[in-house]
Structures are given as structure tokens and as C-alpha cells.
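See structure below.
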Amino acid sequence: MEENLQQTLFDFLEGDRSAAEAEEDRALQLATLEEKCRGCRLCRLRSGCTQVVFADGSPNARLMLVGEGPGAEEDRLGLPFVGAAGKLLDRILEAAGLKRSELYIANVVKCRPPGNRLPAADEVAHCLPYLKEQIRLVNPQLIVCLGALATRTLIGGSASVTRMRGRWYEIGGRRYMPTFHPAALLRDSSKKRPAWEDFKEIARCYKEICGGG
Ligand code: URA
């Protein structure tokens, strides 16, 4: 009996230790990937931007948000979604009960396209392996595609975000939800209500996964 109890306690602590080791290993691999990404010169974007904007948030996140590419403020500060669209995103996350620090936030391209133009197809192609590796390492169950570029890049298809949004798409064991880019909400306030519906569903699903309801 005593021995059984000891074994249970040992297994319990051992489980904790290997989980902590796995987290450490993940953070290390992400740091290595970030370093590689910072040295990347595969496309023209790097020569026109200030710095590489790799990601923000937790390497152990169960929910990942993917945007398009850094804007001026992100380029200046080195973090994704810290400009006007980011501030709106922060408000939406807070209203939905999601903590930004628990999530992982990245973009399809890591270098700011000049004048905030859409990243070109070859720029996306060069940068995509970094995003794919971020997804593999962080291993989130849920991925939110913010806007058309992230939706097309990660889910595919040619339908608009308006048509695709609000539903989960199961791909490779993960669930992807397209929704409007926060910058689109700033331009067109009629998109705010549907975006809010999407985030309520995202938060519901996230809390279910995390055992919070
Ligand atoms: N828009 C994006 O798509 N990503 C950012 O990081 C900021 C604005």
C-alpha cells in the first residue's frame, strides 16, 4: 500500500518534470528558430524594414493568432499587433476573457512590407516555413486567422473572409477559425459585430480545451 502510494507520487512528480522539460525544450527550439529568422535574407523585405517581428506570447499557448505582417509600429517595437489594430485586438481579447500573454501571436511575414502593402506571393513563400515551424513547435489546438492573407495561407481556398469566417476548419489535427483582421474593423465598423461573435466562439472553445467551462 505504502509502496503504491510512493510509486503514484513518483509518477506524478516525474510527469511534472517531463512536462517542464518539454516546455523548456520548446522554448529553446523557438529561440533557435527566431535567431535563424532574424538572420534571414531570403526576400527583399528585410532590407526595407527595421527589424524582424518574430512573435509575441507564450510558447505553450493552446491558441495562436496569425496576422498578415508587421506595420510601422510593429516594425519600430519588434512585436506583432502593437499598433492601432493591435490595440483593438487587445480590447477584443480582454472583452472575450482571453489573456494575450497566454496566447501566441505571429504573422505570415515577419518583415514589414514597404508602405504596408500586401506581401507578394514569393515573400509569403519564403517566410511560410518559419510560420509552419512556429505552429509545429507551439503546437496549438486552435489557430485564428486574422484576415484574408492568413486565411488563404493557412486554410486555403479563394472564398472571402466574409464567407469563411465564424466556422472552425479542421486541418491536420488543429482547428482554424478565419475572422476579420482588426484593421478591417477599424475601416468598416459593420464588421465589428460578426467579429465579436467569432471571438465569443473562439473563447468558448479555448475555455473548453483548457478545462475552464
Ligand atoms: N497587422 C498585422 O497583420 N500584423 C501585425 O502585427 C500588425 C498589424
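The values are calculated or read from the model by the stated rules, or taken from the named source; none is laboratory data. Quick caveat, the model's predicted, so the values are computed rather than measured. All Cβ positions, even for glycine, are placed from backbone atoms using ideal geometry, and neighbour counts span all protein chains on display. For the accessible areas, the whole protein counts, side chains as well, though only heavy atoms, and no ligand, DNA or RNA atoms are used. Shrake-Rupley method; radii C 1.70, N 1.55, O 1.52, S 1.80 Å.
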Looking only at residues in region 43-66 that are touching a helix residue (DSSP H, G or I) at 6+ places or on another chain (Cβ under 6 Å) and within 9 Å of the ligand (Cβ to nearest atom), which one is nearest to PHE199 (Cα to Cα)? VAL66
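With the requirement that a residue be of a type in the set (S, T, N, Q) and within 16 Å of the chain's Cα centre (by Cα), what does region 102-143 give you?
ASN107, GLN134, ASN139, GLN141 - these are the residues of region 102-143 that are of a type in the set (S, T, N, Q) and within 16 Å of the chain's Cα centre (by Cα).
For the condition of a type in the set (Val, Ile, Thr) and within 11 Å of the ligand (Cβ to nearest atom), what is the one hit in VAL108, VAL144? Walk me through it before giving the result.
Values: VAL144 fails: within 11 Å of the ligand (Cβ to nearest atom).
Sole residue among the options that is of a type in the set (Val, Ile, Thr) and within 11 Å of the ligand (Cβ to nearest atom): VAL108.
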Can we say ALA31 is small (Gly, Ala, Ser), open to solvent by 50 Å² or more (accessible area, probe 1.4 Å) and either in contact (Cβ under 8 Å) with a residue 40 or more places away in the chain or within 13 Å of the ligand (Cβ to nearest atom) (or both)? no
Find the residue count for region 36-55, including only residues that are more than 21 Å from TYR104 (Cα to Cα), not aliphatic (A, V, I, L, M) and not in a loop (DSSP other than H, G, I, E, B). 3
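If we scan region 50-58, do we find a residue that is more than 23 Å from LEU146 (Cβ to Cβ) and of a type in the set (D, E, K, R)? Reasoning before the result, please.
As a first pass, look at region 50-58 and keep what is more than 23 Å from LEU146 (Cβ to Cβ): none.
No, every residue in region 50-58 fails to be more than 23 Å from LEU146 (Cβ to Cβ) and of a type in the set (D, E, K, R).
Please state which one of ALA61, ALA31 is among the small types (Gly, Ala, Ser) and not in a loop (DSSP other than H, G, I, E, B). Show your work before the answer.
On the way: ALA61 fails: not in a loop (DSSP other than H, G, I, E, B).
Sole residue among the options that is among the small types (Gly, Ala, Ser) and not in a loop (DSSP other than H, G, I, E, B): ALA31.
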Identify all residues within region 183-197 that are open to solvent by less than 70 Å² (accessible area, probe 1.4 Å), in a helix (DSSP H, G or I) and among the charged types (D, E, K, R); write none if there are none. LYS191
Do you know which residues across region 198-213 are open to solvent by less than 80 Å² (accessible area, probe 1.4 Å) and not in a loop (DSSP other than H, G, I, E, B)? ASP198, PHE199, GLU201, ILE202, ALA203, CYS205, TYR206, LYS207, ILE209
How many residues does region 67-84 hold that are within 8 Å of the ligand (Cβ to nearest atom) and assigned to a helix (DSSP H, G or I)? 2
Please enumerate the residues belonging to region 53-78 that are in contact with an Asp or Glu (Cβ under 8 Å, 6 or more places away or on another chain) and open to solvent by less than 30 Å² (accessible area, probe 1.4 Å). VAL53, PHE54, ALA55, SER58, ALA61, LEU63
